[in-house]
Amino acid sequence: MTSDLPTNRTALPVGRALIAVVILLAASGAALARKTHTVKQAPSAAVERKDPAEAAEKDASHGGRPDGELMLEFQRDIDMARVRRAHLLGRTAEMDRLLRDIAGKYRTDGDREYHYYMGLVLNEAGEYRRAVESFLKAIEIAPDYARARNSLGALYCRLNKYHFALAHFRKALEVNPYNPFLQYNIGSLYFEIGDTANARVHLENAIKYKANFGRAYHRLGVLAYQTQQYERAIEYMAKAVEFRAESHTTHYYTGMSYFNLENGSMALASLKKALKIKPDFFEAALDLARIHHSYGEFEGALEFYRKADALNPDYPEIKLSIVECLRELKRYREGLALVRQMLERDPENERLRRLLKNLQDQRLIENLAEPFDYFTY
């Protein structure tokens, strides 16, 4: 029988040796891993210690954005923001100075904003041809630039070139159909050329998109008055006043609407407001006189006829109305003096001759009349 005891004795030392080798290799691997980890971390530590200024300089040298070009663009944006602010504050002279400074510091060939704002400055200065060219340059750079088209359209309207204006307004509306100012401008254009239907559509859009658009309410009020919708005209004009867009004509059309509705007291009150806002408003003075006259209020009529006559002395019908009021008030001496003045200028005027004789006869009758009591008790 063969014993396997010697064989076991030999295997035990070998196994222990193998275990020792494995432990040694594991320890060596761990040391190597620690060394490798230390080497890999070294570049990160170096990056953390890098000077930020050096990093920015290195980035710039490799075409990065924090360079001179970016700083120039940044400064240009600041300068243009100053132009926008001056525009919002209505400081045209300041806009002009800032734009000239921009033109001296930067290229402006492809800058739509520069040409737009320069167009506004030139328009305000009355240099309309150059203003048109500047707006057109802005549109050439950006064909969908609605603000430039709107401003150019408004300028063409001022120059009575409605056909050109309409084309630019329509283009602007394609880009921004909900802009109330564009709607108002195109509505006003249609109003000026007598297209009341289209005018009303766009003006109603203007107040739809901007509920406090006083000027649009005023224009709609005028349209309503012209189409004899007097109650509607009064409503629109009241809105214009509410939103601080009133003018002498706002109160004038309100007054005349009330007159046509046979509300004389409101008519007189509104027309007096119109005359107070604009003391040289001839039409208001004349219509005030006529309304007083129609109600038999000859003193009031005489006051406003004389004011209208002072504003427009070449209106002979006013003088004749003054004479009529003087006759009604039995102030024949004043009436005769005025008719004689008119005859000196037009001695062959048969109407004036008849009026002079009529006044003379009435004065004579008045002088012969004696007041007495026709009734006795």
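Observations, loosely collected:
- Relative exposure of F135, F243, judged by other C-beta atoms within 10 Å (fewest first): F243, F135
- For the stretch 71-159, the Cα-based Rg and Dmax, in that order, read 12.5, 42 Å.
- Taking every alpha-carbon pair in the stretch 183-301 and binning the separations at 5 Å intervals from zero gives 2, 13, 20, 21, 18, 12, 7, 3, 2, 0 percent.
- Which listed pairs, of K171/K210; K239/K273; K161/K273; K239/K319; K161/K208, have C-alpha distances above 26 Å, in listed order: K161/K273; K239/K319; K161/K208
- Listed residue (A274, L203, Q228) projecting farthest to the positive dipole end of the stretch 200-274, Cβ model: L203
- Computed over the stretch 134-200: relative contact order in percent, which uses C-alpha pairs under 8 Å that are six or more apart: 24 percent
- Legend: ranking of residues T254, T108 from fewest to most surrounding C-beta atoms inside 10 Å; resulting order T108, T254.
- Among S247, S294, S188, S257, sorting on how many other beta-carbon atoms sit within 10 Å of each Cβ, with the fewest leading, yields S294, S247, S188, S257.
- For the stretch 71-159, the relative contact order comes to 21 percent (Cα pairs under 8 Å, sequence separation of at least 6).
- Expressed as a whole percent, the proportion of Cα-Cα pairs in the stretch 132-178 lying more than 15 Å apart is 34%.
- Dmax and Rg, reported as Rg then Dmax, of the stretch 121-199 (C-alpha, Å): 12.1, 35
Laboratory data are not the source of any read-out in this text; all were calculated from the coordinates shown. No experiment lies behind these values; they were computed from the predicted model shown. We place every Cβ from the backbone using ideal geometry, glycine too, and count neighbours over all the protein chains shown.
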